[in-house]
Amino acid sequence: MPAASPASTAVVEAVSISKSFGPVPVLFSVSMDVRPGEVHALIGENGAGKSTLMKILSGFHEPSSGQIRLDGETVDLPPDGAAEKLGIVLIHQELNLAEQMTVEENIFLGREITSRGMLDRKTMRAAVQRYLDEIGLDISPSDRISDLTIAQKQMVEIIKAVSRNARVLIMDEPTAVLTEAETAVFFRQVEKLKAGGVAIVFVSHKLNEVQAIADRVTILRDGQWIDTRAADDLTPDLMAQMMVGRELSDLYPPLLEADVDAEVVLEVRDLQAPGVNGVSFSLRKGEILGFSGLIGAGRTAVFEAVCGLAPVESGEVRLFGETITGMDVSRARDAGLAYLTKDRKGKGLLLEQQMGPNLTLFALPKFIKGLTLDKGAEDEALTRAVRRFDVRARDASVPVKKLSGGNQQKLLLAKIMEADPKVVVIDEPTRGIDVGTKQQIYHFIAALAAEGLSVVVISSEMPEIIGISHRVIVMREGRITGVLTGDHINENEIMRYAAGLKREDLN
């Protein structure tokens with residue numbers, strides 16, 4: 001365990017923190033300190049205890065044992081976010097903004113400035129404008145949150161924290177949905193906060209970003225402290241190895257060579273749909289087809305139309321040689337086509353429900369006996385799915401929201417596979433999950449293809465597309481700009497097509 005920092009150098013310290021939920025321990029005597037003007041990254045696999053430690057450091061959970069020290073003094077942090085008054089602010093992964101309110105109203109929500117019993121909007125607006133100018137954010141205090149980009153919303157969350165005189169800023173996966181350009185802007189703001197003496201805890205699964213922005217790194221594994229090191233002493237590969245406790249040279253599985261003469265199972269011709277402009281492509285049996293491109297290129301829009309989630313304006317979709325018209329989700333499922341959404345919490349899972357109902361919902365007709373649910377069949381299916389996809393939970397009765405992101409993603413994959421599809425579309429298969437679970441999911445995908453299923457992988461992570469795909473289709477502005485095979489599947493070629501620097505006439 002690392003020695004505790006001198007009281008004069010640490011703003012907040014966790015000292016030998018343990019935490020159990022009922023009889024289940026999740027943290028084991030973990031220590032960590034955060035210093036003024038530094039970025040201290042906290043990394044580990046899903047389920048390693050990062051979220052629990054963050055919530056203890058910010059007062060949302062009480063430790064079962066151990067101490068929290070603020071400026072060297074042992075404290076009991078007030079609950080439910082009230083530790084903000086002490087300068088400790090947690091920015092959750094799911095942004096905590098009121099979408100229909102303005103930037104100004106969000107920043108002062110719950111602590112509005114008044115004058116003579118009335119809201120002093122002039123003072124609040126001027127204060128917000130100063131923060132916007134300081135952070136370099138080109139929006140207005142009167143802009144509605146729902147009209148902002150994800151990156152702008154993330155910046156508004158930071159302004160909220162700064163406006164509360166944050167001394168310790170804890171950020172959970174702040175770049176998970178940002179583009180590279182947006183992340184660069186975000187990191188510039190983090191550097192400004194550092195220069196102002198703010199202590200920052202940065203939680204991320206993007207290890208290259210951890211190396212770029214962090215001063216120190218603490219690694220957790222299975223609820224235990226593994227190491228705290230200067231970021232300069234670590235590489236992304238070494239961080240990954242320490243997180244999972246094993247070598248990850250086999251992160252991407254070996255792929256069986258695709259059969260170029262295999263049956264065409266899905267053929268799309270001249271597809272027009274919202275955000276899609278004349279897209280044509282085919283998918284063969286046993287093939288993993290990657291879809292790459294910058295955010296907003298139209299990759300998801302293509303498959304929302306193909307799978308019946310969005311209207312097809314014109315063009316043709318052929319599934320197993322049959323032209324499909326009037327596609328909807330249930331018809332796609334019955335025809336052997338399944339789509340795994342990138343929004344597992346908003347659209348993929350019922351977070352308040354247990355694992356069983358979540359697993360069987362997509363394939364519900366096969367679990368209905370007469371007019372009732374065959375609970376025995378559901379329990380058997382869950383047992384198989386937990387074993388096959390290595391879904392880890394304290395017990396099957398816990399609400400799905402209590403599972404780690406990686407286990408939620410594995411459950412979502414199991415849910416889709418319960419319908420026995422022949423063609424699977426997986427959108428952002430590893431967003432927001434740790435490197436160990438990524439490895440598992442890549443091997444699951446390769447196994448599906450080896451069994452003769454056809455898989456489409458839509459991903460914003462270029463190494464993922466390169467490592468898992470037999471062919472790669474690159475999109476830009478709703479159109480296909482390139483189809484890559486063999487040695488042409490590399491970062492340079494993909495980026496040239498994605499940025500519009502290179503183009504094939506394929507539409």
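Every number in this text was worked out from the coordinates using simple rules, so none of it is lab data. In this text the structure is predicted, and so the values were computed from the model without any measurement. Methodologically, a virtual Cβ is constructed for each residue, glycine included, from the backbone with ideal geometry; neighbour enumeration extends over all protein chains shown.
Couple of notes before you dig in:
- Near Gly298, once Lys and Arg are set to +1 and Asp and Glu to -1 for all other residues with Cβ below 15 Å from its Cβ, the sum equals -1.
- Alpha-carbon centroids, segment 187-257 and segment 438-507: separation in whole Å: 26
- With Cα atoms, 0 to 90° folded angle of helix 150-163 axis to the chain main axis: 10
- CD proxy at 222 nm, helix term only [per DSSP H run n ≥ 4: -39500 (n - 2.57); per residue of the chain; nearest 500]: -9000 deg cm²/dmol
- Potential extension, Glu99-Val483 segment - 0.36 nm per residue separation minus Cα distance: 134.4 nm
- Alpha carbon centroid spacing (whole Å) that separates segment 137-183 from segment 282-302: 30
- Only Cα pairs under 8 Å and 6+ residues apart enter the sum, and on that basis the relative contact order of the chain stands at 15 percent.
- Farthest toward positive dipole pole in segment 440-507 [+1 Lys/Arg, -1 Asp/Glu at C-beta], among Ala498, Ser459, Ile441: Ala498
- Length added when fully stretched, Lys401-Ala377, from 0.36 nm per residue minus Cα-Cα: 6.3 nm
- Helix axis angle, 180-195 relative to the chain longest principal axis, alpha carbon, degrees: 10
- For the chain, the longest principal axis of the C-alpha atoms and the axis of helix 435-450 are separated by about 0°.
- Selection among Gly110, Ala338, Gln129 by position relative to the dipole of the chain gives Gly110 as farthest towards the positive end (Cβ unit charges, Cα centre).
- The trypsin sites (Lys or Arg not before Pro) of segment 210-317 that DSSP puts in a loop, and whose beta carbon has at most 15 other beta carbons within 10 Å, are Arg246.
- Full-stretch length increase - Glu257, Asp71 - with 0.36 nm per residue and alpha-carbon distance subtracted: 61.0 nm
- Considering only Pro25, Ala230, Gly298, and ranking their Cα positions along the charge dipole of the chain that arises from unit charges at the beta-carbon of Lys, Arg, Asp and Glu, the one farthest toward the positive end is Pro25.
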